[in-house]
Amino acid sequence: MSLEILTFSFMHRALIAGIAIAILCSVVGLFLVLRRYSLFGDAIAHSSFGGIALGLLAGVYPLWTAYAVSIASALIITKIKDRYNISGDASIAVLLSSGIAVGLVIIGLSGGFTIDIFSFLFGSILLVSVDDTVLILALTGVILIVILLLYRQLLYSTFNEEQAKVSGIPVEKINYLIVFMAGITVVTSIQLVGVLLISALFVIPNVTAIMYGKGFKQTAIISMSFSVFSVVVGILVSYIFDITPAGTIVLIAIGLLAATMGLKSSGLLSKN
Amino acid sequence: MLKVVEISNLTVQYPDVKALDDVSLVVNQGDFLGIIGPNGAGKSTLFASMLGLNTRYKGMIKFFDEDIKKSKNYLKELGYVPQKPIFEKNFPVTVTDVVRMGLRKESDENKIDEILQQLWIHELRERRIGELSGGQQQRVFIAKALVNNPKILILDEPVTGIDQQSIDLFYSILRELNSKQKITIIWSSHDLDAVNKLANHVACLNKTLFFHGESETFFSDDKLVKQYSEASMQEHMSHH
């Protein structure tokens, strides 16, 4: 492998932004996976598609409208789910299809802007700007600080809502906070893997890490390490072989999952 | 005698059934109260109301002389052990992680080791909770409930589905908590014999409270015990 690629400034930005997103998706994703909300990231990503289309139509930077639409729809669907007692998977299906439907209608009304949409669907990490990188780092920093500060409340309400309530934890507020953070994380990550593959970064490193049979903090660290490894190697390999970074990143993450399953089946990992 | 819990005229009406009807009850500091009653007697509804999980009730519940609808401060003095905690078997938390969840101040980290040793589960501290037996898990949840030095411990049928050896150990732990550490215990159970051996007060619930007093009074009155057993049996039959 030629080390020359590591001297390009666009590659520096891609790797810095990619590592930040990898850590963010892994940490926020762990709470979603443990709450059986694995596809929630996917649903928010699809709703962000409507937001992106809206931004392109209105001539506003599409990620801003994507943030607004994704966060709003994630919070609204959570409220509707609680109020009308709709199951988690059904509410995810509603959110997912409404986002795509809104996006398609707006694209139809505007006469189409397929080239811009394509980069949002599949990611464009090598094109990430300095401003984008700063924004990604800032949002990652803020969300990680919030998670560290509210670590006990987040973990406890994920483990058992009823007991958390009895311990005086404001479980409903914590639930909305997780959904809010998931909305921000998804839109921030769109530049790395695109709308269609986001849930892979939320789910695969975490499912892999959980198999190692460790406690919460160690599981989070293992998941982050796998996530960062997949993103860094994925970006470099895809550049060298001129293939899509998003697909490569996700395939490497799946490779790590398969290897872990192999270790577990062979008895090298403790059974849980 | 200091009143820690005072329940007055508690009535809970669900859309199709009345779960509790005009229940009044006082628990004093140091009491070991066994709440007995057949399935559907309202024990879980009573606990849910006391813990602030059900707020749709008539009447009043006071902890330490404060109405729980006005202040949630009492939760700091309370440890709760649920019937059979529901969690994913693969949930990535160790015994230490679970006990730490109960800890209100992170500075009290040493307390975790202390409580794990006290309950003979220190050697399990790095094991995942889902790997443990039902009896061991229940001790972990007791440890979590105790880690903040609560004044009151509330246990909702805590030995459901647990082997006899673990049950005996569990009961000896409860006895010690009450007698040595002076923790007030409110405990619901199906097991009349266990209540007879452990509790110093008994509340007999079947939507209404048909007995509340010292356990000696209850268990020495054959008529009362028979009345309770018959009510239980009837309920049992109607469920089958």
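The values are calculated or read from the model by the stated rules, or taken from the named source; none is laboratory data. Values in this document were obtained by computation on a predicted structure and should not be read as measured data. For neighbour counting, all protein chains shown are included, and Cβ atoms are generated from backbone atoms with ideal geometry for every residue, glycine included.
Taking first residues from the stretch A:172-185 that are touching a residue at least 40 places away in the same chain (Cβ under 8 Å) and partners that are assigned to a helix (DSSP H, G or I) and of a type in the set (Phe, Trp, Tyr), the Cβ contacts under 7 Å between residues at least 6 apart in sequence or on separate chains come to A:Ile178/A:Phe31; A:Ala182/A:Phe40; A:Ile184/A:Tyr67. Scanning the stretch A:137-151 for residues that are within 14 Å of chain B (Cβ to nearest Cβ) and without any contact (Cβ under 8 Å) to a residue 12 or more places away in the chain yields A:Leu148, A:Leu149, A:Tyr151.
Residues checked against (1) under 26 Å from A:Val232 (Cβ atoms); (2) modelled with pLDDT of 85 or more; (3) assigned to a loop (DSSP other than H, G, I, E, B); (4) touching a helix residue (DSSP H, G or I) at 6+ places or on another chain (Cβ under 8 Å):
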{"residue": "A:Met1", "(1), (2), (3), (4)": "yes, no, yes, yes"}
{"residue": "A:Gly18", "(1), (2), (3), (4)": "yes, yes, no, yes"}
{"residue": "A:Ala22", "(1), (2), (3), (4)": "yes, yes, no, yes"}
{"residue": "A:Gly29", "(1), (2), (3), (4)": "yes, yes, no, yes"}
{"residue": "A:Leu32", "(1), (2), (3), (4)": "yes, yes, no, yes"}
{"residue": "A:Trp64", "(1), (2), (3), (4)": "no, yes, no, yes"}
{"residue": "A:Ser73", "(1), (2), (3), (4)": "no, yes, no, yes"}
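If you go through the stretch B:65-88 and keep only what is surrounded by fewer than 19 Cβ atoms within 10 Å (Cβ to Cβ), over 16 Å from A:Glu161 (Cα atoms), within 13 Å of chain A (Cβ to nearest Cβ) and touching a residue at least 40 places away in the same chain (Cβ under 8 Å), you end up with B:Lys76, B:Glu77. Within the stretch B:2-18, residues that are more than 15 Å from B:Lys207 (Cα to Cα) sit with their Cβ atoms under 7 Å from residues that are of a type in the set (Phe, Trp, Tyr) and surrounded by 15 or more Cβ atoms within 10 Å (Cβ to Cβ), at 6+ positions apart or across chains, in these pairs: B:Val4/B:Phe63; B:Val4/B:Phe64; B:Val5/B:Phe63.
Residues that are more than 14 Å from chain A (Cβ to nearest Cβ) and of a type outside the set (D, E, K, R) within the stretch B:90-115 comprise B:Asn110, B:Ile115, listed in sequence order. Looking across the stretch A:122-138, the residues that are buried (at least 20 other Cβ atoms within 10 Å of the Cβ) and in a helix (DSSP H, G or I) come down to A:Ile125, A:Ile136. Counting only helices (runs of 4 or more DSSP H) that sit completely within the stretch B:120-224, those holding 2 or more residues that are of a type outside the set (A, V, I, L, M) and under 21 Å from A:Ser167 (Cβ atoms) correspond to B:134-146.
Could you identify the single residue in B:Val159, B:Val140 that is touching an Asp or Glu at 6+ places or on another chain (Cβ under 8 Å), more than 11 Å from chain A (Cβ to nearest Cβ) and crowded, with 22+ Cβ neighbours inside 10 Å?
Criteria check complete, one pass: B:Val159.
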